[in-house]
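Worksheet: the structure to be examined is printed underneath.
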Amino acid sequence: MLGFALALLTLLTARGRFDDPDTWWHLKVGEIICQTRALPRADLLSYTTNHHSWIPHEWLAEVSIYTTYKLGGYRGMFLWLFLCGSLVFLLLYVLCSLYSGNAKVALVGALIGWLFGTVSLAIRPLLLGNLFLVAELLFLHLGRVRDRRWLWALPPLFALWVNCHASWPFGIIVLGIAALCSFVNLHAGELVSAAWEPQTRRLLCSVVALCVAALFVNPVGPRLVFYPFDVLTRQAANLANVTEWRALDVSDLRGQGLFLLAGAIGLLFLARPRAVRLEELMLLGLGAAMALRHVRMVFVFGIVAAPIVCKLLADAWDSYEPEHDHRIANAVLIFTSIAIMIAAFPSRDRLEQQVQKDSPAGAVDFIRRSGLPGPMLNEYVWGGYLIWALPEQKVFIDGRTDIFDWTGVLSQYGRWVTLEEDPRPLLDKYGIRYILLQKSAPIAFLLPYLSGWKKVYADDVAVIFSRQ
């Protein structure tokens, strides 16, 4: 019953999150792969990078997104979001239930994951990365306390992970921490670590080696494996300017939630002393540090913190007893959840309305009707939508920040859009014929005063300036 309630909560949360800016270029890349039966190795979608080499590091996830679109249109894509999101929270619920031994307290852990997971609950490969992280923690726990054969599920998991999203290094770190702690015997107050049996420890180390080897089971080769390290070392503009890579705002709801949860864990530990494993403490500290440094990592913090909270709360609520189960009441609640999910599942028109609300759909229609010639300079957050909705016009920039960082285009655009320099040299350098911006963009108020530029279109969302 609680599982169906979590699925319902996921659907109600996701039904208003259809139009993520990055969804569209992921969809387009998936279409290219499916139609050409090959991975794009160079930039085909913009004109500013001069066909610079590119690494399709999320190719398998993009194929899955496009496949759902091909089968069911917008509703198929939303089904992808609903199923992947539900699996994240349901598997987290299972992990918390096994971890704490209390199937009712585990709901608290699932809700913690949901609260922090809302930061990136969208049609993006990142959601699959977080799903694989939960699965990894579940397999590790089962291998430790149930049957060590569960550990053999980890290499295939990493073979999938590396082809879907570049968040797999955190998964390797989790394995490394588990392998390290398997050698340590420690008992310092409530901080403990029990060394694994030699045979099981050798199996774990072998599995870790196989997981690293599995990373190279991909159609791109070593470049795909080294891509996450490229993000950290060669994409300074990306990390500095893209919102999801910025430091967590402690005044934000999730920032406050992180500190409240950390404080609650400390208070629970004092009020209900329980042994905390060294591995748990290391993962919790690493997850908190990453979340404070990058907003997108808040989801990861929620995933690693949830089982620990449930463990501390294990005896705060009577555990589940099947013989005392209210089967009829549960059945009624389950069918009620299913009925609400069916009724609340968004129609194509509702999804289309979300797209129309935040995307320059009207501006795209105007561009087609009027035959405005390129090159076009576009708003960064609309680049993905334009790739999908206006494929005949290559974009100036879009959400593939890696390639625009490598080529310096991201830095140029950043200085231009924030008025840090004279806007005219960039317009002349690329021979820009028209500019598509958000109506509220600061530079949109300056362009009417530039000689040779005229506003030719405006609606509640977008404005277009054309070179005369």
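The values are calculated or read from the model by the stated rules, or taken from the named source; none is laboratory data. Keep in mind that this is a model prediction, so the values were computed, not measured. Neighbour counts run over all protein chains shown; Cβ positions are idealised from the backbone, glycine included. Please note that ligands, DNA and RNA were not included when accessible areas were found on the heavy atoms of the full protein model with its side chains. Shrake-Rupley method; radii C 1.70, N 1.55, O 1.52, S 1.80 Å.
Here is a yes/no grid of residues against (1) surrounded by fewer than 19 Cβ atoms within 10 Å (Cβ to Cβ); (2) assigned to a loop (DSSP other than H, G, I, E, B):
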site	(1), (2)
L386	no, no
L410	no, no
L437	no, no
S440	yes, yes
P448	yes, no
K454	yes, no
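When R272 is tested against (1) open to solvent by 40 Å² or more (accessible area, probe 1.4 Å); (2) modelled with pLDDT of 90 or more, exactly one condition is not met: (2). Scoring R424 on the criteria (1) charged (D, E, K, R); (2) touching a residue at least 12 places away in the same chain (Cβ under 8 Å); (3) farther than 23 Å from Y449 by Cβ leaves a single failure, condition (3). The single condition from (1) farther than 18 Å from L313 by Cβ; (2) at pLDDT 90 or above; (3) part of a helix (DSSP H, G or I); (4) open to solvent by 40 Å² or more (accessible area, probe 1.4 Å) that A247 fails is (3).
In this structure, S359 does satisfy being over 20 Å from Y47 (Cα atoms), open to solvent by less than 50 Å² (accessible area, probe 1.4 Å) and in contact with a helix residue (DSSP H, G or I) (Cβ under 7 Å, 6 or more places away or on another chain). Hey, any hits in region 448-458 for a residue that's touching a helix residue (DSSP H, G or I) at 6+ places or on another chain (Cβ under 6 Å) and β-branched (V, I, T)? No, that holds for no residue. For region 213-230, filtered to residues that are open to solvent by 60 Å² or more (accessible area, probe 1.4 Å) and either in contact with a Cys (Cβ under 7 Å, 6 or more places away or on another chain) or part of a helix (DSSP H, G or I) (or both), the residue that is nearest to A42 (Cα to Cα) is R223. Do we find a residue being open to solvent by 10 Å² or more (accessible area, probe 1.4 Å) and within 30 Å of T13 (Cα to Cα) anywhere in region 180-194? No, region 180-194 has no match at all.
Within region 298-346, restricting attention to residues that are at pLDDT 95 or above and not in a helix (DSSP H, G or I), the residue that is surrounded by the most Cβ atoms within 10 Å (Cβ to Cβ) is P346.
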